[in-house]
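Written below as structure tokens is the structure these notes are about.
The values are calculated or read from the model by the stated rules, or taken from the named source; none is laboratory data. Model, not experiment: these values are computed from the prediction. Reconstructed Cβ throughout: ideal geometry from the backbone, glycine too, with neighbour counts over all protein chains shown. Calculation scope for accessible area: heavy atoms of the full protein, side chains included, ligands and nucleic acids excluded. Shrake-Rupley method; radii C 1.70, N 1.55, O 1.52, S 1.80 Å.
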Amino acid sequence: MHNRLNRARERTPWDRRPGRRAATAGTRAALGVLALFVAAVAALGTWQVVSARDSQVNVIESGETTAARLASSALGSALASRLLLISNLAGQPGLSTVYTRTSASEQAKLAAELHVVYPGFASFALVSARGRLDARWPEAPGEVGESLASQAFFRAVVRTGRPYISPASQQQEPPGDIVTVLAAPVRDSAHRLVGLLLATLPAASLGQFVGGAQLPARGQVLMFDQFGHAFLGPAASASRSYRLVPALARALSGRTGAMTGDVPGFRGERLIGYSPMPSTGWVVLVEEPASVLSSQVAAMTERVTAIGLIVLIMAIGAAAIVASLLKRLSQERQRAGSVLASVGEGVATFDTDGVMLTCNPALQLLCGQQVGAPAGKRWEQALELYDQKGVAISWESSLAAQAAREGRILATSGYDLHLGRVDGQRLPVSMTAAPLRAGDELLGSAVVLRDISTEREIDQLKSSLVSTVSHELRTPLTMVQGFTELLLARHDLGAARSREALEHIHSAALRLGRLIDDLLSVSRIDAGKLRLDLAAVSVPEVVGEVIALVASNRSGEVATSADWAQRIVNEVPPDLPLVTAEKDKLVQVLLNLVTNALKYSQPPAPVRVTAVRKHDYAEISVIDQGIGLSEPETTTVFEKFSRVDRPEVRKVSGTGLGLYITKNLIEMQHGQVWVNSERDRGSTFSFSMPLAPSARGNGLPFAFQSTKEGAP
Ligand code: ADP
């Protein structure tokens with residue numbers, strides 16, 4: 001049994017144990033999670049950088065948009081206030097009189113006075129209801145009297161009756177500024193149109209009105225009319241339209257916003273805020289170099305990237321620390337696991353409810369199970385344990401539960417505890433149970449199970465040794481005692497009877513000697529101390545010696561009948577090749593087989609000794625017609641102290657050691673022994689002995705087979 005377990009253990013592929021696989025798979029999964037964590041941190045960092053960059057761009061752009069909106073409303077209100085001023089002047093009650101009743105020189109004077117009072121305007125002019133230029137400041141005598149009826153401002157005011165702002169136009173006279181013309185209707189008391197009051201406003205003068213608005217530090221404000229003509233800035237022109245410039249196009253379509261792109265009059269890419277101006281259809285752009293945006297974004301991106309990198313490095317560091325801890329943990333687990341796996345005894349742990357937590361492979365092999373993962377089973381399913389009465393031991397009544405309850409180590413003694421194997425066999429085991437603790441917490445208990453079948457076998461052998469030896473000693477000793485007492489007590493026995501008594505004593509002494517020799521042989525064989533001196537030996541000679549020993553009654557056996565030697569039929573061919581053996585041991589082997597054959601058969605049945613050469617071996621057989629052996633008995637007779645339990649055997653004295661010694665001696669001489677037997681028909685004990693080197697290759701194989709083998 002023990003050997004079988006050991007062999008099974010050797011075959012077990014420990015390295016591919018599921019437990020270890022699970023441990024490494026667990027560690028791999030944890031490392032995967034860590035890698036995911038690092039990747040997630042990296043992705044989050046990248047996303048943060050991108051979104052921070054986007055939001056920074058948004059902030060800057062919305063700042064630009066706001067600036068554009070502010071500039072547009074500042075400029076719009078400045079323009080509106082100018083128009084209101086002109087419109088109010090035109091609405092003055094006295095002004096219509098100047099238009100209708102005064103002379104040209106007085107009208108010119110009024111224009112000049114207006115300029116003095118309102119110096120922000122580049123010129124003032126009075127136009128009659130028919131479109132004639134009546135007066136103008138600065139004076140332009142050549143122009144007075146000209147008809148302006150075809151001009152857009154005149155037509156617009158006459159058509160709508162409302163004040164009018166013109167698109168950008170360039171002054172004819174120096175300094176040739178870009179201006180806008182403001183025109184308002186002049187009416188008499190009956191609300192009839194008597195003329196138009198004109199004022200030209202230099203676009204440059206509007207620039208000052210955006211000063212109050214919070215504009216970008218390095219930028220400029222640009223104003224365009226509804227046709228895309230630029231009032232302000234380096235590209236100011238009343239003749240060139242920039243309406244196709246994207247920022248301008250967007251503003252002209254009524255949108256407010258910010259973008260990067262071209263700005264008329266500026267080189268390179270600019271950051272632009274754009275917004276339409278209220279009521280006029282004009283638009284305002286505020287601009288600054290696009291580098292403002294890129295440098296700010298770059299600075300911010302650098303900052304966020306640096307923070308992200310620090311976080312990433314910290315995450316990688318943390319992951320590395322966790323990974324190394326995990327690795328160490330898994331190594332510790334594997335070490336603990338391999339310690340348990342390499343322990344020869346079965347070890348299992350149970351929780352306080354009797355559910356198996358862990359179990360080492362040795363325990364599974366002890367139970368006859370496949371090595372797998374039986375953890376999680378309850379005590380009753382995990383371990384089939386029986387007490388001396390064969391009753392299954394429950395968790396509550398188990399030593400393991402008791403050890404956990406009492407908090408101390410407990411162990412079984414004797415051979416009462418049995419473990420049920422999967423194949424139905426019950427194995428004697430010893431159990432040690434100890435409480436399982438983690439600090440102060442009681443986790444359950446640990447049990448160690450050990451196969452004690454060998455110990456039990458040894459114990460059984462010991463008891464059979466004591467009983468056999470004492471019995472076998474007692475019989476010859478009784479004879480010695482009886483016959484010596486007879487000799488001592490009776491002086492009148494006569495020579496013949498005295499000799500007979502002495503012969504009995506001698507035979508008893510021989511038997512005692514044989515018993516002691518057998519015991520010594522067994523102990524030497526078991527201790528491995530028996531050394532054989534092998535040489536070329538003649539089997540016919542050995543057979544002759546054995547027959548002589550039996551005939552002289554020195555075999556150590558009590559001859560039940562005087563004709564023992566006569567029953568032996570020697571059929572060994574005298575020219576059998578020599579064998580390699582130790583002669584004395586071969587004599588011992590053959591003597592034992594021959595005396596057994598004589599002992600276990602009835603006279604006058606013969607006991608034949610045959611020998612035949614087979615290849616490089618000689619096969620020697622002792623054939624009797626005695627009590628024979630049943631099939632199961634043939635397998636046990638070679639074991640130590642094994643005697644067949646039958647009356648016909650019991651009535652013959654014996655120790656059960658002879659065949660054990662015989663088998664060992666034959667095997668030590670490189671031979672083999674076997675038995676063919678049939679109950680009540682007789683037995684043939686055969687053994688092989690290697691031929692001596694000198695005899696090998698000589699002679700013909702199977703030389704003696706035809707003549708010497710066959711039925712008795
Ligand atoms: P012993 O003869 O002293 O009992 P052995 O070891 O020589 O011990 O034999 C063991 C057992 O084998 C015997 O007790 C007997 O039952 C059986 N046995 C041995 N030889 C024979 C035989 N020739 N025929 C029948 N049984 C035999």
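Quick rundown of the values:
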read-out: Residues located in the range 79-126, provided they are farther than 30 Å from Pro276 by Cβ and among the hydrophobic types (A, V, I, L, M, F, W, C); value: Leu95, Val98, Ala104, Ala108, Leu110, Ala111, Ala112, Leu114, Val116, Val117, Leu126
read-out: Residues of the range 573-601 that turn out to be acidic (Asp, Glu) and either part of a strand (DSSP E or B) or in contact with a helix residue (DSSP H, G or I) (Cβ under 9 Å, 6 or more places away or on another chain) (or both), as a count; value: 2
read-out: Residue in the range 434-441 that is charged (D, E, K, R) and in contact (Cβ under 8 Å) with a residue 12 or more places away in the chain present; value: no
read-out: Single residue of the range 502-528 satisfying the filter (in a helix (DSSP H, G or I) and of a type in the set (Gly, Ala, Ser)) that is modelled with the lowest pLDDT; value: Ser507
read-out: Checking Ser686 against (1) open to solvent by less than 10 Å² (accessible area, probe 1.4 Å); (2) within 10 Å of the ligand (Cβ to nearest atom); (3) small (Gly, Ala, Ser); (4) under 26 Å from Ser538 (Cβ atoms), the condition it does not meet; value: (2)
read-out: Residues located in the range 611-647, provided they are within 10 Å of the ligand (Cβ to nearest atom), outside any loop (DSSP other than H, G, I, E, B) and either open to solvent by less than 50 Å² (accessible area, probe 1.4 Å) or within 30 Å of Ser694 (Cβ to Cβ) (or both); value: Val622, Ile623, Glu633, Thr634
read-out: Any strands (runs of 3 or more DSSP E) falling wholly within the range 247-289 and containing at least 1 residues that are under 11 Å from Arg69 (Cα atoms), open to solvent by less than 10 Å² (accessible area, probe 1.4 Å) and among the polar types (S, T, N, Q); value: 270-276
read-out: Boolean, Gly219 is more than 20 Å from Pro276 (Cα to Cα), crowded, with 18+ Cβ neighbours inside 10 Å, touching an Asp or Glu at 6+ places or on another chain (Cβ under 9 Å) and in contact (Cβ under 8 Å) with a residue 60 or more places away in the chain; value: no
read-out: Where a residue in the range 641-669 is polar (S, T, N, Q) and its partner, wherever it lies, is in a loop (DSSP other than H, G, I, E, B) and within 7 Å of the ligand (Cβ to nearest atom), with Cβ under 7 Å and at least six apart; value: Ser642/Gly656
read-out: Selection from the range 291-311 of residues that are surrounded by fewer than 17 Cβ atoms within 10 Å (Cβ to Cβ) and hydrophobic (A, V, I, L, M, F, W, C); value: Ala298, Ala299, Ala306, Ile307, Leu309, Ile310, Val311
read-out: Criterion (more than 12 Å from the ligand (Cβ to nearest atom), modelled with pLDDT of 95 or more and of a type outside the set (A, V, I, L, M)) met by exactly one of Glu678, Glu667; value: Glu667
read-out: Qualifying residue in the range 333-349 (condition: over 29 Å from Val50 (Cα atoms), open to solvent by 80 Å² or more (accessible area, probe 1.4 Å), at pLDDT 85 or above and under 26 Å from the mean Cα position of the chain (by Cα)); value: yes
read-out: Residue ID - farthest from the chain's Cα centre (by Cα), chosen from residues in the range 505-521 that are within 22 Å of Leu486 (Cβ to Cβ) and buried (at least 17 other Cβ atoms within 10 Å of the Cβ); value: Ile505
read-out: Selection count, the range 355-401, where residues are touching a His at 6+ places or on another chain (Cβ under 9 Å), of a type outside the set (D, E, K, R) and closer than 18 Å to Arg450 by Cα; value: 3
read-out: Flag for Lys599 being touching a residue at least 24 places away in the same chain (Cβ under 8 Å), among the charged types (D, E, K, R), within 15 Å of the ligand (Cβ to nearest atom) and open to solvent by 10 Å² or more (accessible area, probe 1.4 Å); value: yes
read-out: Residue selected from the range 386-434 under the condition polar (S, T, N, Q) and in a loop (DSSP other than H, G, I, E, B), by the criterion least open to solvent (accessible area, probe 1.4 Å); value: Ser398
read-out: Residues being open to solvent by 10 Å² or more (accessible area, probe 1.4 Å), away from the ligand (no atom under 16 Å from the Cβ) and in contact (Cβ under 8 Å) with a residue 40 or more places away in the chain - total across the range 577-596; value: 5
read-out: Neighbours by Cβ (under 7 Å, 6+ apart or cross-chain): first from the range 183-202, touching a residue at least 24 places away in the same chain (Cβ under 8 Å); second among the basic types (Lys, Arg) and open to solvent by 20 Å² or more (accessible area, probe 1.4 Å); value: Leu193/Arg187; Val194/Arg187; Leu201/Arg82
read-out: Residue that is in contact (Cβ under 8 Å) with a residue 60 or more places away in the chain and open to solvent by less than 60 Å² (accessible area, probe 1.4 Å), where the choices are Leu70, Leu79; value: Leu79
read-out: Residue in the range 655-670 that is more than 60 Å from the chain's Cα centre (by Cα), surrounded by 20 or more Cβ atoms within 10 Å (Cβ to Cβ) and part of a loop (DSSP other than H, G, I, E, B) present; value: yes
read-out: Sole residue being open to solvent by 30 Å² or more (accessible area, probe 1.4 Å) and part of a helix (DSSP H, G or I), chosen from Arg531, Arg450, Arg437, Arg499; value: Arg499
read-out: Meets criteria (small (Gly, Ala, Ser), near the ligand (Cβ under 10 Å from one of its atoms), out of contact with any Pro (no Cβ under 6 Å at 6 or more places or on another chain) and modelled with pLDDT of 90 or more) for Gly658; value: yes
